[in-house]
Protein chains: 2
Amino acid sequence: MFPSAAPSQDHIQARYEAMLNALRRADYRLTPQRMAVCHYLAETRSHPTPSEIFHAVKEQFPTISRATVYNTVTVLKELGEIIELPAGGGTGVRYETDITPHVNLTCTRCGRIYDVSLDNLEDILKQINERTDFQLTNFHIEGYGLCPNCQTSNS
Amino acid sequence: MFPSAAPSQDHIQARYEAMLNALRRADYRLTPQRMAVCHYLAETRSHPTPSEIFHAVKEQFPTISRATVYNTVTVLKELGEIIELPAGGGTGVRYETDITPHVNLTCTRCGRIYDVSLDNLEDILKQINERTDFQLTNFHIEGYGLCPNCQTSNS
DNA sequence: CAATCTATTTAGAATCAGTATAATATCAGA
DNA sequence: TCTGATATTATACTGATTCTAAATAGATTG
């Protein structure tokens with residue numbers, strides 16, 4: 001069950017293109033820095049923090065600044081291409097890069113986040129649309145508890 | 001639909017007792033400061049930040065320190081009595097104090113959080129328990145989009 | 001009750017995340 | 001190429017969160 005399989009090359013490419021298209025549609029320039037951030041977000045399954053994104057992209061772009069990373073993820077978040085999650089322990093945020101409806105199981109002890117897919121999630125979307133005037137772009141589900149590891153460890 | 005009705009006195013009392021019991025069960029002392037934090041969390045529907053909790057409790061406890069607030073919410077979070085949410089705009093965290101399964105609709109423009117209840121949420125719980133080895137304490141659903149207000153305003 | 005041990009609180013310092021600013025660079029279009 | 005708008009960068013700044021050491025309060029034991 002855990003952990004999720006690494007995304008296929010096709011899937012990475014599709015997510016990457018989707019992010020670029022979202023930026024294009026909203027009239028943002030496709031700068032090399034933004035493209036690098038998008039590419040990293042498309043290929044990772046690690047729910048990265050802004051700092052992790054910064055260091056990863058720095059490998060290709062030694063001059064990139066944190067501000068550019070923050071700008072880019074803020075835009076992508078507003079466009080609904082990524083989702084902001086609490087990182088646990090109040091230490092900033094993480095980003096969910098898989099926006100297909102699924103469940104994040106967060107371990108309240110070690111903070112790790114696991115992905116699980118469920119059936120019939122469209123039904124939730126339908127109910128929200130019926131009951132509210134919200135213009136929904138995406139949604140996801142978070143579960144909290146102890147992961148298999150932390151259930152047995154006692155520290 | 002919006003906003004949620006204020007919680008009844010009975011409901012406040014029940015939530016308050018539940019938090020105190022959780023602390024007791026986990027062998028934490030019921031200090032006056034912790035009790036005051038719990039009481040505020042039980043009576044609010046505002047998804048407060050640590051700072052808001054601090055100022056609210058300070059009214060009754062002028063000497064309380066921020067560290068005590070942070071300690072208490074961290075414990076309550078580990079016990080599953082409250083849920084940490086990203087506050088939007090990267091400005092720290094907020095806490096969901098209503099742990100009955102429901103939906104938080106977060107407006108990606110103004111950052112406000114709305115509560116909505118849905119049917120058949122037990123089914124999600126069942127699916128998670130069937131498919132994973134997680135020991136789940138609670139879960140909730142987050143939706144993202146534009147609230148009715150922000151759909152019409154253009155700034 | 002006194003002595004002791006541990007958990008908790010407090011104030012303040014330190015750290016870290018995130019934002020704002022101003023100068024520079026890049027890009028698109030005339 | 002020139003011009004204007006947008007984006008990036010480095011750095012300074014603000015505010016959120018954590019850490020630390022000392023003081024306090026509660027529980028426990030003799």
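Couple of notes before you dig in:
- Number of partner chain Cβ atoms within 10 Å, mean per residue of B:140-150: 6
- Calculated [222 nm] ellipticity per residue, helices only, for chain A: -13500 deg cm²/dmol; basis is -39500 (n - 2.57) per DSSP H run with n ≥ 4, divided by all residues, nearest 500.
- Excluding same-chain neighbours fewer than eight residues apart, the lysines reachable from B:Lys126 by a Cα-Cα span under 27 Å are A:Lys126, B:Lys77.
- Assigned charges on the beta-carbon of Lys, Arg, Asp, Glu; the protein assembly as shown dipole about Cα centre (debye): 1060
- Distances between copies at A:Gln135, taken between label points 7 Å from Cα along the C-beta direction, are 4.6 nm in increasing order.
- Across the options B:Leu79, B:Leu146, B:Ile53, the greatest Cα extent toward the positive end of the charge dipole of region B:9-152 (unit charges at beta carbon of Lys, Arg, Asp, Glu) belongs to B:Ile53.
- Chain A, accessible area per residue, ligands and nucleic acids excluded (1.4 Å, Å²): 50
- Other copies of A:Gln9: label-to-label distances in nm, shortest first, labels 7 Å along the beta-carbon direction: 6.9
- DSSP beta bridges in chain A [antiparallel fraction, %, rounded to 5]: 60
- Proximal charge balance of A:Phe54 [Cβ under 14 Å; K/R count +1, D/E count -1]: +2
- Total formal charge among the other residues, if their Cβ is under 11 angstrom from that of A:Ile82, Lys/Arg +1 and Asp/Glu -1: -2
- Converting phi to 3J(HN,Hα) with the Karplus coefficients 6.51, -1.76 and 1.60 and the offset θ = phi - 60°, region A:123-131 yields 4, 5, 4, 4, 4, 5, 5, 5, 8 Hz in sequence order, with x at every glycine or proline.
- Local electrostatic count, A:Asp98, Cβ distance below 12 Å [Lys/Arg +1, Asp/Glu -1]: -2
The values are calculated or read from the model by the stated rules, or taken from the named source; none is laboratory data. This is a predicted model, so every value here is computed, not measured. When we count neighbours, we look across all protein chains shown, and the Cβ atoms used for this are built from the backbone with ideal geometry, even at glycine. The area values use the complete protein model at the heavy-atom level, side chains included, leaving out ligands, DNA and RNA. Shrake-Rupley method; radii C 1.70, N 1.55, O 1.52, S 1.80 Å.
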